[in-house]
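I have placed the structure first, in the form of structure tokens, so that the comments after it can refer back to it.
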Amino acid sequence: MGTPGHDSDLLQPLLDGDRRALARSLTLVESRGPGFRNLLRGIAPRLGRAHRVGVTGAPGVGKSSLVAALVATARNNGMSIAVLAVDPTSPFTGGALLGDRVRMTDHVGDEGVFVRSMASRGALGGLSTATGDALDVLDAAGFDLILTETVGAGQVDVEVAHESETTLVLFAPGAGDAIQAMKSGLMEVADLWVVNKADDVRAEKVRADLVGSLSLHEPPDDLEERVVLTSAKDGSGVGDLLEKLCARRAELESSGARGDLARGRIRRRLTAAARDLVSERLLGSAADSLIDAVVTGERSVHDAAEDILRTDDGGRS
Amino acid sequence: MSRPIRVLVAKPGRDGHDRGAKVVAAALRDAGMEVIYTGLHQTPEMIVEAALQEDVDVIGLSVHSGAHLPLFRRVIELVNEKGLQNTVLVGGGIIPSDDVRALESEGIGKIFGPGTPTAELADWIRTAVTTRREDA
């Protein structure tokens with residue numbers, strides 16, 4: 001297939017499954033380049049097919065390794081799978097070292113696997129600002145399963161849960177009392193809790209502690225089911241995890257919860273997109289007359305803010 | 001707003017000397033670039049496929065095994081095959097000057113020998129990528 005020459009030509013090859021067009025589309029939405037809105041408009045009718053799964057947890061619990069193991073298992077089950085791996089951008093230099101691919105170098109020549117590294121580019125919460133758009137692009141490209149791997153997450157880095165239909169929170173033995181530390185943040189957004197590094201003898205204790213701690217506020221009936229032991233190293237439990245992911249997807253579909261999740265996700269992204277547009281308006285000279293009005297005491301800050309939303313041209317008139 | 005320069009740093013072939021590649025990866029990160037590091041023992045096929053998926057501006061190859069000629073040439077071939085001609089290729093490692101001249105005439109933008117100041121490398125890459133993006 002020919003290489004698309006311009007970004008405006010990306011849509012059709014992207015929808016047709018061209019990998020280079022997919023890669024370039026991701027760059028386009030990530031950098032908010034010329035035409036990115038057109039591309040997103042073009043793919044809008046094609047969204048909603050992929051199961052969007054977030055993978056998060058503290059640094060070093062084995063997110064990348066588990067993602068790599070899930071990729072292999074999903075392929076064995078005939079599912080196509082994309083990975084969006086987010087790593088932190090330096091707040092000092094703007095640079096980033098994206099190292100998640102080190103664990104995902106198999107599958108060359110396999111059209112059913114696509115891995116993309118993404119720098120957080122200043123966004124907080126464990127993802128990048130463009131993650132939602134990038135997930136839409138991957139969805140439109142036709143993957144069955146999309147795994148979003150966050151940066152090594154802290155207690156309140158729950159952004160991934162807003163972008164995912166299913167959120168996995170990972171733990172591993174030897175990570176101190178991570179369970180305590182994460183109690184009121186990440187713990188609450190998990191759909192499945194995964195204790196990775198199950199080949200370590202201490203993993204069972206971590207699992208038992210986790211179940212004990214969760215039983216304080218989670219319904220007890222299916223709790224044991226929702227805590228999964230895996231070893232990315234020897235592959236044990238990964239098949240079980242994939243089965244649970246597929247079962248959850250089916251359940252979300254049949255209960256109608258999937259539509260609600262999509263609406264919630266869209267509401268948040270709409271808010272963010274609208275906020276970005278308002279910020280853009282305020283960056284320019286457009287806001288000067290409003291600022292003047294506040295300085296002279298003619299308007300309050302809150303009145304002026306409403307003026308910005310009320311006028312089409314951002315208060316320029 | 002110009003988007004950050006994305007660089008793939010890869011170690012093709014069988015040698016395990018990845019210190020140089022890691023120094024370069026860290027230096028380019030500190031120069032404000034997004035560096036995708038793929039680790040040791042990559043085939044040219046793996047490297048070029050990663051470059052395609054990551055949509056990088058630059059592929060940096062480090063070889064200390066002596067197999068640089070076939071490895072670099074295979075990467076050049078695959079880059080052309082996959083329509084990634086706009087990607088800047090750079091190399092590093094222990095590479096004899098005759099081979100440097102040969103590879104630089106065949107499609108490797110520049111080969112940086114041992115002792116190259118990392119700032120020089122970052123500057124060269126920045127200039128090369130800026131030129132390519134303007135031409136694109």
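The values are calculated or read from the model by the stated rules, or taken from the named source; none is laboratory data. All values derive from a computational prediction rather than experimental measurement. Ideal geometry is used to build each Cβ from the backbone, glycine not excepted, and the neighbour counts take in all protein chains shown. Side chains are part of the model used for accessible areas, which takes the heavy atoms of the whole protein and leaves out ligands, DNA and RNA. Shrake-Rupley method; radii C 1.70, N 1.55, O 1.52, S 1.80 Å.
For A:A232, the residues whose amide H sits under 5 Å from its own are A:K197, A:A198, ignoring neighbours fewer than 5 places away on the same chain, with H placed 1.01 Å from N.
Rounded to the nearest 500, the 222 nm mean residue ellipticity of chain A from helices alone is -13000 deg cm²/dmol, with -39,500 (n - 2.57) taken per DSSP H run of at least 4 residues. In terms of overall dimensions, the C-alpha atoms belonging to segment A:113-170 reach 33, 23, 17 Å along their principal axes, ordered largest to smallest. The count of lysine pairs in chain A that are at least 8 places apart or cross chains, and whose C-alpha atoms lie under 18 Å apart, stands at 6.
Per residue, the accessible area of segment B:6-135 comes to 41 Å² when a 1.4 Å probe rolls over the protein heavy atoms.
Protein heavy-atom surface of segment A:1-96, 1.4 angstrom probe: 52% of the accessible area is carbon and sulfur, with nucleic acids and ligands not counted.
Given 25 °C and 0.890 mPa s, compute D for the protein assembly as shown with the Stokes-Einstein relation, Rh being the Kirkwood radius over Cα pairs; round to the nearest whole µm²/s. Answer from the Stokes-Einstein relation: 104 µm²/s. With contacts taken as Cα pairs under 8 Å and at least 6 residues apart, segment A:47-256 reaches a relative contact order of 26 percent. Based on C-alpha pairs under 8 angstrom that are at least 6 apart in sequence, chain B has a relative contact order of 26 percent. Between segment A:18-88 and segment B:34-52, the alpha-carbon centres lie 18 Å apart.
Annotation: lysines with alpha-carbon distance below 25 angstrom to B:K82 (same-chain offsets under eight excluded): B:K11, B:K110. Rounded to the nearest 500, the helix-only mean residue ellipticity at 222 nm of chain B stands at -15000 deg cm²/dmol, with each DSSP H run of n ≥ 4 adding -39,500 (n - 2.57). For the pair segment A:137-152 and segment B:79-128, the centres of their Cα atoms are 33 angstrom apart. Chains A and B together bury roughly 2200 Å² of accessible area, counting both sides, with a 1.4 Å probe on protein heavy atoms only. When both bridge partners sit in segment A:1-127, DSSP labels roughly 10% of those beta bridges antiparallel. Using the alpha-carbon atoms, what tilt in degrees (0 to 90, nearest 10) does helix A:63-76 show relative to the longest principal axis of chain A? With both axes taken from Cα atoms, the answer is about 70 degrees. Inter-chain neighbour count for B:51-61: the average number of beta-carbon atoms from partner chains within 10 Å of each residue's beta-carbon is 4. Interface burial in segment A:103-117 reaches 50 Å² or more for A:T105, A:V108, comparing the full protein assembly with the chain by itself; accessible area from heavy atoms with a 1.4 Å probe.
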